[in-house]
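Trainee: Sending over a structure as structure tokens; questions will come in a sec.
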Amino acid sequence: MMSVTVLVVEDEPAILELVAVNLELAGYAVLRAASAEEALRQLRETLPDMVLLDWMLPDQSGLALARRLRADDRTRGVPIIFLTARAGEEAKVAALDAGADDYLTKPFSPRELLARIRAVLRRRSPHLDDAPIELDGLKLDPGAHTVAGRGRPLELGPTEFRLLHFLMTHPNRVHSRSQLLDRVWGDDVVVEERTVDVHIRRLRQALEPSGHDALIRTVRGSGYVLRAGGGS
């Protein structure tokens with residue numbers, strides 16, 4: 001598993017620690033918050049890969065916080081799983097309507113929580129998965145950290161590898177430089193947007209031997225896209 005950061009928002013210290021420790025044992029990096037305000041402060045500093053969100057918080061409801069995250073361009077794409085004692089259908093519908101990707105009723109087992117997290121990440125953030133991916137004769141294996149074009153090994157630097165992995169798991173979608181900085185470099189890394197252009201150029205050079213450099217397209221005024229499977 002690639003490095004995945006989870007923000008746990010829970011005001012009951014015992015539950016917060018139980019969830020956080022189980023996540024850390026499973027290899028996740030964990031951020032902790034006991035209130036909506038503390039969660040927002042954490043989010044301003046670091047953009048996590050997922051938020052586990054308690055419904056009942058001391059300052060505002062988890063529903064209100066979820067709506068705020070979905071309304072903000074920066075946090076709109078971060079997956080959210082609700083953790084709540086409310087078991088009714090109405091509560092579940094309200095959580096999903098507020099932007100939740102999944103809903104787990106307390107008490108829950110750590111095993112079930114980890115399974116739900118993996119399922120949501122596979123669906124929403126495939127670039128965090130270690131499964132090999134192949135598009136148009138270009139194969140990337142995150143576990144082995146290898147790239148091959150039409151069976152020919154290609155040499156990529158670590159940043160170009162992460163960049164290609166993200167683009168291959170989100171093909172035919174245009175990504176702005178700021179979006180690429182957030183998802184490839186990490187939100188807490190201070191890098192200028194022009195740095196993206198430099199690494200795109202290096203990535204194209206690395207893909208030239210197999211002709212796959214043509215997959216990486218510049219969309220003027222918008223950003224970059226990997227066109228695959230005949231995408232125009």
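Trainee: Checking the conditions here, which among E12, E37, E24 is assigned by TED's automatic domain parsing to the domain that holds P107, surrounded by fewer than 16 Cβ atoms within 10 Å (Cβ to Cβ), within 18 Å of the chain's Cα centre (by Cα) and free of Cβ contacts under 8 Å to residues at least 60 places away in the same chain? Working first, answer last.
Mentor: Values: E12 fails: within 18 Å of the chain's Cα centre (by Cα); E37 fails: within 18 Å of the chain's Cα centre (by Cα).
Only one candidate passes the filter, namely E24.
Trainee: Do any strands (runs of 3 or more DSSP E) entirely within the stretch 47-115 hold 3 or more residues that are not hydrophobic (A, V, I, L, M, F, W, C), and if so, which?
Mentor: On the way: elements: 50-54, 80-84, 102-105.
Those strands (runs of 3 or more DSSP E) span 102-105.
Trainee: In this structure, is G88 under 30 Å from S178 (Cα atoms) and at pLDDT below 85?
Mentor: Working: under 30 Å from S178 (Cα atoms): no; at pLDDT below 85: yes.
For G88, the condition - under 30 Å from S178 (Cα atoms) and at pLDDT below 85 - is not met.
Trainee: Here's something else I'd like to know. Since D141 meets every condition but one in (1) within 26 Å of V4 (Cβ to Cβ); (2) among the acidic types (D, E); (3) out of contact with any Lys or Arg (no Cβ under 7 Å at 6 or more places or on another chain); (4) loosely packed, with under 14 Cβ neighbours inside 10 Å, which condition does it not meet?
Mentor: (4)
Condition check ((1) touching a helix residue (DSSP H, G or I) at 6+ places or on another chain (Cβ under 6 Å); (2) under 22 Å from S3 (Cα atoms); (3) part of a helix (DSSP H, G or I); (4) β-branched (V, I, T)) across all residues:
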{"position": "T159", "(1), (2), (3), (4)": "yes, yes, yes, yes"}
{"position": "S178", "(1), (2), (3), (4)": "no, yes, yes, no"}
{"position": "L181", "(1), (2), (3), (4)": "no, yes, yes, no"}
{"position": "D197", "(1), (2), (3), (4)": "no, no, yes, no"}
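Trainee: Next question. Tell me yes or no: at least one residue of the stretch 73-81 is modelled with pLDDT of 90 or more, more than 14 Å from the chain's Cα centre (by Cα) and not basic (K, R). Give the derivation first.
Mentor: Filtering the stretch 73-81 down to residues modelled with pLDDT of 90 or more leaves 79-81.
From the residues that got through so far, the ones that are more than 14 Å from the chain's Cα centre (by Cα) too are none.
No, because not a single residue in the stretch 73-81 is modelled with pLDDT of 90 or more, more than 14 Å from the chain's Cα centre (by Cα) and not basic (K, R).
Matching residues to (1) in contact with a helix residue (DSSP H, G or I) (Cβ under 7 Å, 6 or more places away or on another chain); (2) among the small types (G, A, S); (3) surrounded by fewer than 20 Cβ atoms within 10 Å (Cβ to Cβ):
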| residue | (1), (2), (3) |
| --- | --- |
| R32 | yes, no, yes |
| S61 | no, yes, yes |
| R74 | no, no, yes |
| L83 | no, no, no |
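Trainee: Can you tell me which residues in the stretch 97-149 are of a type in the set (G, A, S), at pLDDT 85 or above and not assigned by TED's automatic domain parsing to the domain that holds L65?
Mentor: G137, A148, G149
The values are calculated or read from the model by the stated rules, or taken from the named source; none is laboratory data. In this text the structure is predicted, and so the values were computed from the model without any measurement. No Cβ is skipped: glycine too gets one built from the backbone with ideal geometry, and neighbour counts run over all protein chains shown.
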